[in-house]
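Derivation of every value follows stated rules applied to the coordinates shown; laboratory data play no part. Treat the numbers as computed from the prediction; the structure is a model and nothing was measured. Using ideal geometry, Cβ is built from the backbone for each residue, glycine included, and neighbour counts are taken over all protein chains shown.
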Amino acid sequence: MRNSKMSPATDLAQAGHFIDPETRAVVPPITSATTFARDKDYALGGYIYSRDGNPTYDPAEALIARLEGGAASLLFASGLAAASAVFEPLRLGQHVIAPKVMYHGLQDWLRILSDRRGIAVSFVDPTDPAHVAEAMGSETAIVWIETLSNPTWDVVDIAAVAKIAHDGGAMLGVDATVTPPITCQPLALGADIVFHSTTKYLNGHSDVTGGVLTTAKDDAHWADINKVRKYVGGVMGPFEAWLLLRGMRTLAIRWERASENALAIARHFDGHPKLERVLYAGLPGHPGHDVAARQLTGGFGGMMSMLVNGGADAALNVAKKVELFVPATSLGGVESLIEHRASVEGPASLTPKNLLRLSVGIEDAGDLIADLEQALS
Ligand code: PLP
């Protein structure tokens, strides 16, 4: 009954219809071994040492590669271990184009690469692909975008940017952390590598740090990335890989509920007298809504921001007054989080000082709306 037309929700729920070939267990075992014995002929049985690979990674990597429509996936110890591995093989003088508004941790890392390693980095606004085209040069090796820019949720036309990158001889890497493969498949839109911090929606329970890269092609850059994981050593632990697979089994249903809740909240607060604006790609008034509707075929997800009237103090007051939303960083878990983003991003932050970022979870939408109403009042 397993076939190529099988829905991603089915593939996820059954973790790739996993049945252990030896024990018939429906859940994979955790292989905690760091090393694997040779046989009497001194031959290896497929694994050598856990920094090179571990059987516990295999079902999670295979499932993600299938969902993304990619050639292969690699798990890493954190989102940043994965994302930085894409840039690690760059050589002196090569050039990267990345968004002005993006996850601040990776942006900081790109600035450090540029200062210390002689990699040129241009930060542009990719919501207008013409800005990417203008920044392209003969040394441009990687164009990097986010499906929805964190934390303003601007929308980037992936296919348009992929064409510009390829026409200029560069590859396109896409951070799709906030839009998992059940809603968006960047590789099908022309991207070469797709990245997720699995700490977020893929695991979904705020209890495992991890990252994953998936490649469209098993090419030379992918071989370099394999070497980075092996020699820099940012490998995921087997227990974390096992928890990730367990979390992914409920991704489809979590995503559906978070998307419904976020849309209900966005509609309720759009035009609210205490707010300057609600930023949510699922609202028809959002400037990127049409592109988002085309690219996010399974829902807009749980990430949104609110610009509070009255500046930073008013926004911070709301973050202090919520009772259900948890005032914490991160996103994509079952519990709703709220965060004054500029406080976390530090002095280089371009984020409006009155912006509150919401990661909407799977609780009751009415309870979440009531909590925000009481905090705003
Ligand atoms: N990309 C995005 C969009 C993120 O939100 C984050 C973390 O917040 C990361 C990358 C980094 O992932 P990690 O914290 O797992 O290293």
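Where in region 15-33 does the amide nitrogen come within less than 19 Å of the point 7 Å from the Cα of ILE253, taken along Cα to Cβ?
Counting only backbone N, you get 15-18, 26-28.
If you line up the Cα atoms of region 112-197 on their principal axes, what length do they span on each, largest first, in Å?
Principal-axis extents of the Cα atoms in region 112-197, largest first: 37, 27, 21 Å.
Simple spin-label model, 7 Å along Cα-to-Cβ: ASP125 to LEU92 in nm?
Distance between the two pseudo-spin positions: 3.6 nm.
Considering only LEU90, LEU263, TRP153, whose Cα is most displaced toward the positive end of the charge dipole of the chain, charges sitting on Cβ of Lys, Arg (+1) and Asp, Glu (-1)?
LEU90
Write down the Kirkwood hydrodynamic radius of region 286-377, to one decimal in angstroms, obtained as one divided by the mean of 1/r over all alpha carbon pairs.
Hydrodynamic radius (Kirkwood, Cα only) of region 286-377 equals 14.0 Å.
At 1.002 mPa s and 20 °C, plugging the Kirkwood radius over alpha-carbon pairs of region 107-265 into Stokes-Einstein gives what diffusion coefficient in µm²/s?
Stokes-Einstein gives a translational diffusion coefficient of 125 µm²/s.
Quick one: of the DSSP bridges fully inside the chain, what percent are antiparallel, nearest 5?
Antiparallel bridges make up about 60 percent of those DSSP assigns within the chain.
Given 0.36 nm per residue, what is the gain on full extension from ALA43 to GLU139 after removing their alpha carbon distance, in nm?
30.2 nm
Run the dipole for the chain about the Cα centre, Lys and Arg Cβ at +1, Asp and Glu Cβ at -1, nothing else charged, and hand back the magnitude in debye, nearest 20.
That gives a dipole near 440 debye.
List the trypsin sites (Lys or Arg not before Pro) in region 17-98 that DSSP assigns to loop (not H, G, I, E or B) and whose Cβ has at most 10 other Cβ atoms within 10 Å. Which are they? Write down the numbers at each step before the final one.
Working: sites: ARG24, ARG38, LYS40, ARG51, ARG66, ARG91; in loops: ARG24, ARG38, LYS40, ARG51, ARG91.
Taking region 17-98 and a limit of 10 other Cβ atoms within 10 Å, the loop trypsin sites (Lys or Arg not before Pro) found are ARG24, ARG38, LYS40, ARG91.
Using only Cα atoms, what Kirkwood radius does the chain have, in angstroms?
About 21.4 Å for the chain.
Where does helix 57-68 land angle-wise versus the long Cα axis of the chain, in degrees 0 to 90, nearest 10?
Approximately 50 degrees, to the nearest ten.
Across 10 Å bins from 0, what is the distribution of all Cα-Cα pair distances for region 219-286, in whole percents?
All Cα pairs, binned at 10 Å, distribute as 16, 23, 20, 23, 16, 1 percent.
Quick check: residue separation of MET6 and LYS320 times 0.36 nm, minus the Cα distance between them. What number comes out in nm?
108.5 nm
Taking the convex hull of the Cα atoms, report for region 1-138 its projected area averaged over all directions, in nm². Spell out each step's value before the answer.
Details: hull surface 53.4 nm².
Across all orientations, region 1-138 yields a mean hull projection of 13.4 nm².
Just in region 162-254: which trypsin sites (Lys or Arg not before Pro) are loop by DSSP and have at most 15 other Cβ atoms within 10 Å?
Qualifying residues, ordered by number: LYS217.
Within the chain, what is the longest stretch that has no GluC sites (Glu not before Pro) placed in a DSSP loop and near at most 11 other beta-carbon atoms within 10 Å?
Free of exposed loop sites, the longest segment is 23-322.
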